[in-house]
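Everything below concerns the one structure shown next.
All of the numbers you see were taken from the coordinates with simple rules; none came from a lab. All values reported here derive from a predicted model rather than from experimental measurement. Ideal geometry is used to build each Cβ from the backbone, glycine not excepted, and the neighbour counts take in all protein chains shown.
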Amino acid sequence: MATTLFTSAAGVFRGNLHGHSTHSDGQNSPADVVRLHREAGYDFTCLSEHLWTDPRFSAPTIIDATAFDSADFITIISAELHCPGKAHDRDGLWHIVANGLPADFPVADSSETGPELVARAVAAGAYVTIAHPEWYSLTDDEARSLAAAGAHGVEIYNHSSAIEAGRGGGIATLDLLLNEGDRVHLTATDDSHHVPGDAFGGWVMVAADSLTAGDIIASLKAGNYYASSGPDFIDISIDGANLDVGTSPVDRIILAGDRHRAEFVAGDGLTTARFDLADFNSAFFRVVAIDARGQCAWSNPYWMDDLG
Ligand SMILES: [Zn+2]
Ligand SMILES: [Zn+2]
């Protein structure tokens, strides 16, 4: 009998986990951020404003934009958390994305460390991800320290960092943590500051019971979603030793495992691939689908010992 790892069959919700408005250093009003995402076909977005004490780019309070919610579109209370102690950042600050925070989550003080801030956001119920590792040269030890503090995932595609700085990636950080046994997820986001110019380039597709912040956050924590800059996963399932993948039309479907282990299937307008896991000697795998424009869908990692 086949085991479903992910399916879009029951519906998926498209959302942006990382973006900014005039509440911090973004150029769009909160109302415009919401309207533009709804018009672009999104189901939810997050005004993850810089939460810090520097008025040049941050605000000391979180914005609650849920007044803009409607039956078919929601906002999830979020922030990009900052505190001192990060190497290779202009202001020496950590950047940590937290989705599903309480609106009264306090700004860090100057003595709080990055790992302490992650742990505090996790304890407050948030889904916490390591922001734009490539953009600000996150070191391996910094990544390890945030994962050890409970960070749920790594932002492996940050659209504004990609198109404005050529530094949008995060796969190296993700795979380092996975190879060391940290069971972290991956996200793609926009980190938008001027919608639509730097928006609609990286998102998540979440399989959730309903379009509520609680159900979306629960599905994120369960890893029941994928990340994309273009293509879609229809389903990912296991039948015996076979891994079956269904996608929107793409040119390549890749099975990536630990170390540099990988296999791929290539073809014009490919929509399915089957991989034999019996010989794929790896602690985990994740699937990447790449379309003709080079845009990607990235599945979350799956661990062999969870699959039996
Ligand atoms: Zn940032
Ligand atoms: Zn940001």
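For region 191-214, which positions are assigned to a loop (DSSP other than H, G, I, E, B), away from ligand 2 (no atom under 16 Å from the Cβ) and either surrounded by 24 or more Cβ atoms within 10 Å (Cβ to Cβ) or of a type in the set (Gly, Ala, Ser) (or both)? Ala207, Ala208, Ser210 - these are the residues of region 191-214 that are assigned to a loop (DSSP other than H, G, I, E, B), away from ligand 2 (no atom under 16 Å from the Cβ) and either surrounded by 24 or more Cβ atoms within 10 Å (Cβ to Cβ) or of a type in the set (Gly, Ala, Ser) (or both).
The rows are residues; the columns are (1) charged (D, E, K, R); (2) closer than 21 Å to Ser228 by Cβ; (3) within 16 Å of ligand 2 (Cβ to nearest atom).
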{"residue": "Glu134", "(1), (2), (3)": "yes, yes, yes"}
{"residue": "Leu138", "(1), (2), (3)": "no, no, yes"}
{"residue": "Ala149", "(1), (2), (3)": "no, no, no"}
{"residue": "Tyr157", "(1), (2), (3)": "no, yes, yes"}
{"residue": "Ala162", "(1), (2), (3)": "no, yes, yes"}
{"residue": "Val184", "(1), (2), (3)": "no, yes, no"}
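Tell me whether region 118-141 contains one or more residues that are within 14 Å of ligand 1 (Cβ to nearest atom), within 22 Å of Val33 (Cα to Cα) and not aliphatic (A, V, I, L, M). Scanning region 118-141, I find at least one residue that is within 14 Å of ligand 1 (Cβ to nearest atom), within 22 Å of Val33 (Cα to Cα) and not aliphatic (A, V, I, L, M), so the answer is yes. On inspection, Ala165 does not qualify as within 16 Å of ligand 1 (Cβ to nearest atom) and touching an Asp or Glu at 6+ places or on another chain (Cβ under 6 Å). For region 46-57, the criterion of being hydrophobic (A, V, I, L, M, F, W, C) and under 24 Å from Ser229 (Cβ atoms) is satisfied by at least one residue.
Counting the residues of region 92-108 that are more than 18 Å from Glu134 (Cβ to Cβ), in a loop (DSSP other than H, G, I, E, B) and touching a residue at least 24 places away in the same chain (Cβ under 8 Å) gives 8. The residue that is nearest to the chain's Cα centre (by Cα), counting only those in region 262-293 that are surrounded by fewer than 14 Cβ atoms within 10 Å (Cβ to Cβ) and not in a strand (DSSP E or B), is Arg293.
What helices (runs of 4 or more DSSP H), lying completely within region 120-185, carry at least 3 residues that are within 16 Å of His18 (Cβ to Cβ)? Show your work before the answer.
Working: elements: 140-148, 159-165, 171-179.
The helices (runs of 4 or more DSSP H) meeting that bar are 159-165.
Here Asp191 fits the description: under 16 Å from Ala162 (Cβ atoms) and not aliphatic (A, V, I, L, M).
Looking at Asp89, Asp54, which one is surrounded by fewer than 17 Cβ atoms within 10 Å (Cβ to Cβ), part of a loop (DSSP other than H, G, I, E, B) and within 13 Å of ligand 2 (Cβ to nearest atom)?
Numbers: Asp54 fails: within 13 Å of ligand 2 (Cβ to nearest atom).
It is Asp89.
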